[in-house]
Amino acid sequence: MNNQNDASFLVLFLAPVRDYLEDDKVSEILINGPNQIYIERDGKLQETEAAFSSEAQLKAAAVNIAKSVDRQLDEMHPDLDARLPDGSRVHATIPPISRCGTIISIRKFKKEMLTIGKLEEFGSIPHEGVLLLNAIVKLRKNTIVSGGTSSGKTSVLNALSGLIPEKDRILVLEDASELQLQQKHCVYFETRKPDKNGQGEFSIRDLVIASLRLRPDRLVIGEIRGGEALDLLQAMNTGHSGSMSTIHANTSLDALSRMETCAIMSGIELPLTAIRMQVASAINCVVHTMRLPDGSRKTVEIAEVLPLDHGEYRMRSLMRWHTDALAPDGTVTGHFALGEKPSFAEDAGIMGIELPTYA
């Protein structure tokens, strides 16, 4: 399906928000019932004048979107998570689980491929950070991109994956395909929801297990949410270095605790110490993202994971964003600063990989 047909496909069911679907500056559309519609433009949420004529029209739009991607949306299946033909993500819920009527969230697909160079151009990361990330990827350090909702984790992961050498075979595993890798030798996989009889589901965890039989040089996983964390940790610890994923977390250190919690959700009983040892040895670096009060998204920290100290996680901050001031209108001013020298500096020098100049 081409872009023109994709646009008409969306507009057909979502005519009241047509202008926002076609506006490249709008990244998300949030429909909270027929009469309350918000958009995110340039990183900031704003209420719109748009409205659906009735709850029935809005629900019909959600149901038709579900049918178009061969999914069900009804009282027995009141939740929809789907990818549209143009790559946009749609999540919809209907009563009885949503009290204010039909709720639809559309995260629009970015047509322009985001590279690490563009992140630097936008001010999301300094040149020193670009050098650090390049070294991390080229030296095959297992990396987790962490951050809150809509902080830019997937965008950073996408840009980070662009630094992987062309010679590597990359397996990409996602719940809904969002990543656009630039390399030629990429194999893409997507989870499958259960059918109306509750059968046929293929989860991220199933994909991780299956992918290990397909000779990956690197695994790129869209997001860690549950028990697949343990399978990924084991893969990282058994020769699949240079793999990367994202996880929801408030800080870089919190990302390790979240991985630990997700690993526990695997149902495999392991001592907590054993899980922590797996996390600390499997994950080499954490790249933390944040959406600042003015709507800008930044890579606020690049940190290296150190060995456990008496069973507790330790990290070395290699680069960090410091906020200097917050203006009344929400504008944020600040600066990036280098932290400690990475332990892999010597390896980078041997391989001729440039690093920032540390004091």
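The values are calculated or read from the model by the stated rules, or taken from the named source; none is laboratory data. It should be emphasised that the depicted structure is a prediction, and the values quoted were computed from it without experimental measurement. Neighbour counts run over all protein chains shown; Cβ positions are idealised from the backbone, glycine included. The area values use the complete protein model at the heavy-atom level, side chains included, leaving out ligands, DNA and RNA. Shrake-Rupley method; radii C 1.70, N 1.55, O 1.52, S 1.80 Å.
Summary of computed values
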{"item": "DSSP bridge pairs, the chain: antiparallel proportion in percent, nearest 5", "result": "70"}
{"item": "L326/M113 FRET efficiency (R0 35 Å; Cβ-Cβ; nearest 0.05)", "result": "0.60"}
{"item": "Part-to-part distance (alpha-carbon centres) for region 121-144 and region 67-112, which is given in Å", "result": "34"}
{"item": "Separation between Cα centres of region 192-228 and region 312-345, rounded to whole Å", "result": "34"}
{"item": "Between helix 3-13 and the chain: long-axis angle, C-alpha atoms, 0 to 90°, nearest 10", "result": "50"}
{"item": "Carbon/sulfur fraction of accessible area - the chain, other protein chains in place, 1.4 Å, %", "result": "50"}
{"item": "Cα pair distances of region 169-229 binned at 10 Å [whole percent]", "result": "22, 52, 22, 4"}
{"item": "Debye intensity ratio I(q)/I(0), log10, region 53-197, q values 0.10 Å⁻¹ (C-alpha model)", "result": "-0.47"}
{"item": "Ordering of 258-266, 35-43, 323-331 by packing [mean C-beta count within 10 Å, highest first]", "result": "258-266, 35-43, 323-331"}
{"item": "N32 versus S68: modelled label distance in nm, points set 7 Å from Cα along the beta carbon direction", "result": "2.5"}
{"item": "Accessible-area order (highest first, 1.4 angstrom probe) of the listed residues M351, M319", "result": "M351, M319"}
{"item": "Rounded accessible area of H240 (nearest 10 Å², 1.4 Å probe)", "result": "30"}
{"item": "The chain: angle of helix 252-264 to the longest principal axis, Cα-based, in degrees nearest 10", "result": "70"}
{"item": "Heavy-atom accessible area per residue - the chain, 1.4 Å, Å²", "result": "48"}
{"item": "Efficiency of FRET between H77 and L12 - r from beta-carbon atoms, R0 30 angstrom, step 0.05", "result": "0.85"}
{"item": "Region 219-303, Rg to Rh (Cα coordinates; Rh as Kirkwood inverse mean 1/r)", "result": "1.00"}
{"item": "Kirkwood-Stokes translational diffusion coefficient of region 224-359, alpha-carbon pairs, 37 °C, 0.692 mPa s, µm²/s", "result": "198"}
{"item": "Over region 5-80, equivalent-ellipsoid semi-axes from the Cα gyration tensor in Å", "result": "22, 15, 12"}
{"item": "Among A135, N158, G147 the positive-end extreme of the charge dipole of region 123-181 (Cβ point charges)", "result": "A135"}
{"item": "Gain on full stretching of the segment that runs from S281 to I268 - 0.36 nm per residue minus C-alpha separation", "result": "2.8 nm"}
{"item": "Cα-based radius of gyration of the chain once divided by 2.2 N^0.38 Å, which approximates compact folds", "result": "1.04"}
